[in-house]
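Novice: One structure follows; several queries about it will come next.
The values are calculated or read from the model by the stated rules, or taken from the named source; none is laboratory data. Quick caveat: nothing in here was measured; it's all calculated off a predicted structure. Reconstructed Cβ throughout: ideal geometry from the backbone, glycine too, with neighbour counts over all protein chains shown. With ligands, DNA and RNA removed, areas are computed over all heavy atoms of the protein, side chains included. Shrake-Rupley method; radii C 1.70, N 1.55, O 1.52, S 1.80 Å.
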Amino acid sequence: MATRARVVRMEPPAATGGNALLVLVGLSVVFLLIVALLGVAKSGGSLISESNFLYVALIFYAGAGALYMGFGVTGTPRYVRYASVATAIGLVANTLAVAHRWYLSGRPPFASVYEMLLSFVWAVAAMTLIAEKKFGVKIIGSITMPLAVVCVILMQLLPSEVRPLVPALQSTWLHVHVTLAMLSYAACALSCALAMMFLIQDGFQTETFLAWTSAMVSAIYVAIVATRFEKWGGLSVTGWNAQTKSDIFLGQGMRLFVTVPDLGWLFVIAASAAIVPLLLYFAGRVRNDGSFYGTANKAVFISILLQLVVVAAFVLRVRDAAYPSPDQDGLFPTSLAASPFLLGGMVTGIFASLLYLMLLWRRADLQGLLPSADTLDRVTYKTICIAFPLLTGMIAAGAYWANRTWGSYWSWDPKETWAAITWLVYAGYLHMRITRGWRGRRAAYFAILGFGVVIFTFLGVTYLLPGLHAYA
Amino acid sequence: MAFSLSSIPKRIHKTFANLRTGIVLLILVVIASAMGTFVLQRPATDAEKLAQAYSPNTLRWLDRVMLTDVFHSWWFLTLLGLVSLSIVLVSLDRFPNAWRFYARPYRKTDWHFRAALPHKVELPIKNAEDGLNAAERALKKLGWPVDRVAYKNEPSLYSERHRVSVMAVYIVHASLLLIFAGGIIDGAFGYSGFLALHKGQTDNVIELRSGGKKQLPFAVKCYAAGQDNYADGSPKKWWSKLAVVQDGKEIESKEIVVNDPLVYRGLRFYQSSYWLDNHTVDSLQIAWVAKDGKETPLQLHMNQPVALDSDATVSLMDYIPDAFVRDGQVFKKSDDIENLAFGLEVKNRATAEVSKVWLLPAQGIVLGEENLNYQFKNPASAQDIALAAVTGLEVSHEPGQWLVWTGVLLMCAGLGVAFYMVHMRLWIVAIPDAKGKLVLWIGGQANKNRDRFEQKFNDVVEGIRIELESASLTPQSARREQPELTLAGVK
């Protein structure tokens, strides 16, 4: 391997800078914990509650994410040690949150999108620690911890109260089905992260990462603008009923949309700023001129700043729209809680861009820290070998349960169909790998594509396609 | 080669026995299924919604290519059929080789085979027979089964584990075909429908999902049905007490709930819904007042006379959900629950004279009791009026489902074996090494998870070395030199 020679450098480059980040993260964690503690003390609520545990988990996951990313940038091995400790503490808090909810409701937390995310984050954190300790993939936390943080933030916005189980969900098969689903999805997430690292280690060009990152961020913002931009620069958000903690529906599947004035323009600007690096990349490709990439990287930097501005403006302005209630007098404000997926998309965009910057600035160090491309390739395959049987079991358990509840083991419901599609994609991966000997790049693309399909099956189908599988 | 008619089957075979064709077919299935989730589907969405979602032109076009019912269209089923064909042909093409490998494992240790093995080690020994005996003891200690093989006067040992893992991939593909077969049988011979039963009702005709009706060879009776609620009012449980009735005899009975159906002769009755029938009253709680002013509570069921005193009986004969009164007469206005009206009949036992009394609780009036000795009071609250419960039963007959479940279990087992069981083989033979000294040559191979196998292989070699040393079968010179594990492959 050509890159091997400059990859051997394992010494931490700067010890002083290392301490600064540790102190910074440590202080932030302590500060946030104290603020949270004061808040609890002031409100007189119980310390032992699910939301408090989850908040602690969020703080430690965020801290771990910062340290993992810091490790990625500086290569200080100490960071990983503290990052794993932070992940472990976060995992303990997360486990306590799950346990508390389980204890209060008398059933495992599998019955709504909120509860599924709670379990998913737990599985992701657990698998991160396993990947780190068992396979030695130390840097993986810099991808999975931001994912966990995005999920926990999403969860803050989703309806979280314990709802009694509707008759169809009262089955042991619910637990079997969802446990298998969460484990397999987490394994798929891991395989995707490993495949990306393989690409880094395999000498995949930084410019290509630039193209993919800005394509993804552009896609997020273009999608938001395309669906939510209103005349005269407004942005429509869904109406929110604070009492029932749910979206307001005018009819079946018809949400009430309220326009926040002027916010739309910001999104148009952010979308354009996100597209610029992509265009510059293509210009560079066509003209065969490397100087375009330098400009593109600057454009990414501008895009990140704009994204931060947009998120801040969105969070501040989202309450500014008012709507008349269909059955009560007066105007009601909109809420951030009504737009979890807009916010989730935007935060994902920022994390993706930051990860790109990390790669751009510290690629050589990153390569020194990662296991060899061969190892990553093999571990990706092994992870999928774990995910695939779990996926099969999940579909089988779901079919058996459906047969007991709906009277048919397969009814081509969108969720079922997409689960089958996911299964077929991974089956395709296995076939290509085993019989055609697909290794390396092509296998890595396949693994990344597979996780994209998983995300669509998990969240996309629930929110975009109507069907029987209405619980989550 | 000239195109000839006889070559067509061969060509077809060649096309479908190709893995690439299989992959292309899978991609097509994926695309078709995805389209089936994006375009609204016919049986699930009603015609009105479809008309709302698509323009008439688009809808006509979608219908023509059957995109509004992808999963039951002939072309989707053909696609699945071709996938099955491809699986069968690809497997048939590869199976004979795999079977040969499985049925007659290669145990010989000729030199070119030895040269090709990925893991091999040589341990110096004094005597061939003793060395092999020691190796056999060591292997048995480690739990490996051992076979003695004599080939070209070279006595050798062969040992393997988990040979079945070679066959696992065929088990998985066969199980997929089993699941498909079950699905086809259900599509051809299965049916599903709906049966709504009032409390006390017996019926044997179901409304098929595909349209039309079907008479079952037995009837189902509903003794009772109900809904239990959580404290917040959301439904917790729907239940029905059902019985199978054949030739007037009750054969089987069960209380079913959601997730726990009644199964009889291959038919399954699922609790799918529960509602109250606006048009039927199950019971009515009122009171009547005698001439002396004494008030007595009275519970009435439809068409069941209740004695008021020794002279007269009363029965509930009519129920109108939305009634209006004109000229002292009660008429029906609509089927919605608005102005309830209950028609009672008071019958004099002696004269058989019948008088009609109407209760209109919404207006708080009672009509037609002026000339009677009995006065009636309207029901005091909504809870006194119990509408008839109807239980909605999903009925399905899936003769192929046992094939499907067999396939599913087989697939889980097959995947478990395919991914987690490693076929490991060891060959051990006593031969002279490159310098002419007698050595115990140990070679090994695994079909997957090679790094894990390397560790196992080293354990085996270590075990044999210890066994040799403890039996002092290693030549003195070699023991002093502390025999390194020579990985011959690396050289």
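Novice: Just report the Cα centroid separation between segment B:38-93 and segment A:421-465, whole Å.
Specialist: Here the two parts' Cα centres lie 23 Å apart.
Novice: Once the dipole of the protein assembly as shown is set up with Lys and Arg at +1 and Asp and Glu at -1 on Cβ about the Cα centre, which of B:PRO361, B:LEU19, A:LEU157 lies farthest towards its positive end?
Specialist: Farthest along the dipole direction, towards plus: B:LEU19.
Novice: Which residue, B:VAL83, B:TYR54, B:LEU142, has the largest displacement toward the positive end of the dipole of chain B when charges sit on each Cβ (Lys, Arg +1; Asp, Glu -1)?
Specialist: B:LEU142
Novice: Based on the mean of other beta carbon atoms within 10 Å per residue, what is the order of A:428-439, B:264-275, most packed first? The partial results should precede the final answer.
Specialist: On the way: A:428-439: 16.5, B:264-275: 19.2.
Ranking, from highest mean packing down: B:264-275, A:428-439.
Novice: Check the straight Cα-Cα distances from A:LYS382 and name the aspartates and glutamates below 13 Å, setting aside those fewer than 8 residues away within the same chain.
Specialist: Those aspartates and glutamates meeting the cut-off are A:ASP374, B:ASP451.
Novice: So what is the accessible area of segment B:279-386 per residue, in Å², with the probe set to 1.4 Å? Before the final figure, lay out the partial values.
Specialist: Values: 6100 Å² over 108 residues.
Here the per-residue accessible area is 56 Å².
Novice: Please give the net charge around A:LEU165, taking every other residue with its beta carbon less than 12 angstrom from that of A:LEU165, where Lys and Arg add +1 and Asp and Glu add -1.
Specialist: +3
Novice: Within a Cβ distance under 10 Å of B:VAL149, other residues only, what is the Lys/Arg minus Asp/Glu net charge? Spell out each step's value before the answer.
Specialist: On the way: positive: B:ARG107, B:LYS108, B:ARG148; negative: B:ASP147, B:GLU154.
Local net charge: +1.
Novice: Here's something else I'd like to know. Identify all lysines with a Cα-Cα distance to B:LYS237 below 27 Å; exclude those on the same chain that are fewer than 8 residues away in sequence.
Specialist: Answer for B:LYS237, where 27 Å is the Cα cut-off: A:LYS245, A:LYS415, B:LYS199, B:LYS221, B:LYS254, listed by chain and number.
Novice: Return one quarter of the surface area of the convex hull spanned by the alpha-carbon atoms of segment A:261-385, equal to its mean projected area, in nm². Numbers along the way, then the final one.
Specialist: Numbers: hull surface 50.0 nm².
Answer in nm², one decimal: 12.5.
Novice: Can I ask one more? Just counting partner chain Cβ atoms within 10 Å, what average do the residues of peptide B:252-260 show around their Cβ?
Specialist: 3
Novice: Using the charge dipole of chain A (Lys, Arg: +1 at Cβ; Asp, Glu: -1 at Cβ; taken about the Cα centre), state which of A:TRP122, A:PHE135, A:THR383 has its Cα farthest towards the positive end.
Specialist: Positive-most Cα among the choices belongs to A:PHE135.
Novice: Once the Cα atoms of the protein assembly as shown are picked out, what are the Rg and Dmax in Å?
Specialist: Here Rg and the maximum Cα pair distance are 36.3, 129 Å.
Novice: Can you tell me the dipole magnitude for chain A around its Cα centre, using point charges on the Cβ only (Lys, Arg +1; Asp, Glu -1), in Debye to the nearest 20? Please list the in-between numbers first.
Specialist: Working: 32 positive and 19 negative charges, 247 e Å.
Using only the charged Cβ atoms, the result is roughly 1180 debye.
Novice: Quick one: which of B:192-199, A:205-212 comes out on top by average Cβ neighbours within 10 Å, and what's the full order, highest first? Could you put the intermediate results ahead of the total?
Specialist: Values: B:192-199: 18.9, A:205-212: 16.5.
Ranked from most to least packed, the peptides come out as B:192-199, A:205-212.
Novice: On to the next question. For segment A:415-437, which residues drop by 40 square angstrom or more in accessible area between the chain on its own and all protein chains together (1.4 Å probe)?
Specialist: Hits at the 40 Å² cut-off: A:TRP418, A:ILE421, A:TRP423, A:LEU424, A:HIS431, A:THR435, A:ARG436.
Novice: While we're on this one: Nearest 5 percent is fine: what portion of the DSSP beta bridges confined to segment B:279-386 is antiparallel? Spell out each step's value before the answer.
Specialist: Details: 37 of 38 bridges.
So the antiparallel bridges in segment B:279-386 amount to around 95 percent.
Novice: Also: For chain B, what is the charge dipole size about the Cα centre, in debye to the nearest 20, if Lys and Arg each add +1 at the Cβ and Asp and Glu each add -1 at the Cβ? Working shown, then result.
Specialist: Working: 55 positive and 51 negative charges, 774 e Å.
So the dipole magnitude of chain B works out to roughly 3720 debye.
Novice: Going Cα to Cα from B:LYS126, which lysines come in below 26 Å? Please leave out same-chain ones fewer than 8 positions away.
Specialist: B:LYS108, B:LYS140, B:LYS141, B:LYS152, B:LYS435, B:LYS437, B:LYS456, B:LYS491
Novice: Measuring with a 1.4 Å probe in the full set of protein chains, what accessible area per residue, in whole Å², belongs to segment B:7-98?
Specialist: Here the residues of segment B:7-98 average 60 Å² of exposed surface.
Novice: Please work out the Cα center distance from segment B:256-283 to segment B:120-143, rounded to the nearest Å.
Specialist: Using only Cα atoms to place each centre, the spacing works out to 70 Å.
Novice: Hey, could you grab the Kirkwood Rh for segment A:67-148? Inverse mean 1/r over distinct alpha carbon pairs, Å, one decimal. Could you put the intermediate results ahead of the total?
Specialist: Details: mean 1/r = 0.0747 Å⁻¹.
Every distinct Cα pair counted, the radius reaches 13.4 Å.
Novice: Next question. Per residue, what accessible area does chain A have, given a 1.4 Å probe and all protein chains present, in Å²?
Specialist: On the way: 20490 Å² over 472 residues.
So chain A comes to 43 Å² accessible per residue, rounded to a whole number.
Novice: Next question, about the same structure. If I take all pairs of Cα atoms in segment B:279-386, what percentage of them are more than 23 Å from each other? Numbers along the way, then the final one.
Specialist: Values: 1245 of 5778 pairs.
Result for the distance tail: 22 percent.
Novice: I need the shape label for chain B. Rule: rounded when a/c is under 1.5, else prolate if a/b > b/c, else oblate, with a, b, c from the alpha carbon gyration tensor.
Specialist: Details: a/c = 4.46, a/b = 2.67, b/c = 1.67.
Cα axes put chain B in the prolate bin.
Novice: Divide by every residue of chain A the summed helix terms, -39500 (n - 2.57) for each DSSP H run of at least 4, and state the resulting mean residue ellipticity at 222 nm, rounded to the nearest 500 deg cm²/dmol.
Specialist: Helices in chain A give a 222 nm mean residue ellipticity of -25000 deg cm²/dmol.
Novice: To continue, here is another question. Tell me, what is the percent relative contact order of chain A, built from C-alpha pairs under 8 Å that lie six or more residues apart?
Specialist: 19 percent
Novice: Give the interface area between chains A and B as buried accessible surface, both sides summed, probe 1.4 Å, in Å² to the nearest 100.
Specialist: On the way: alone 22290 and 28500 Å², together 47150 Å².
For A against B, buried area totals roughly 3600 Å².
Novice: Could I ask something else about it? Could you give the dipole magnitude of the protein assembly as shown about its Cα centre, charging the beta-carbon of Lys and Arg +1 and that of Asp and Glu -1, in debye to the nearest 20? It would help to have the intermediate numbers written out before the result.
Specialist: On the way: 87 positive and 70 negative charges, 1040 e Å.
Using only the charged Cβ atoms, the result is roughly 5000 debye.
Novice: For chain A, with all protein chains present and a 1.4 Å probe, just round the carbon and sulfur fraction of the accessible area to a whole percent. It would help to have the intermediate numbers written out before the result.
Specialist: Working: 14120 of 20490 Å².
Roughly 69 percent, rounded to a whole number.
Novice: Could you let me know the centre-to-centre spacing of segment A:166-227 and segment B:430-454, using Cα atoms, in angstrom?
Specialist: 44 Å
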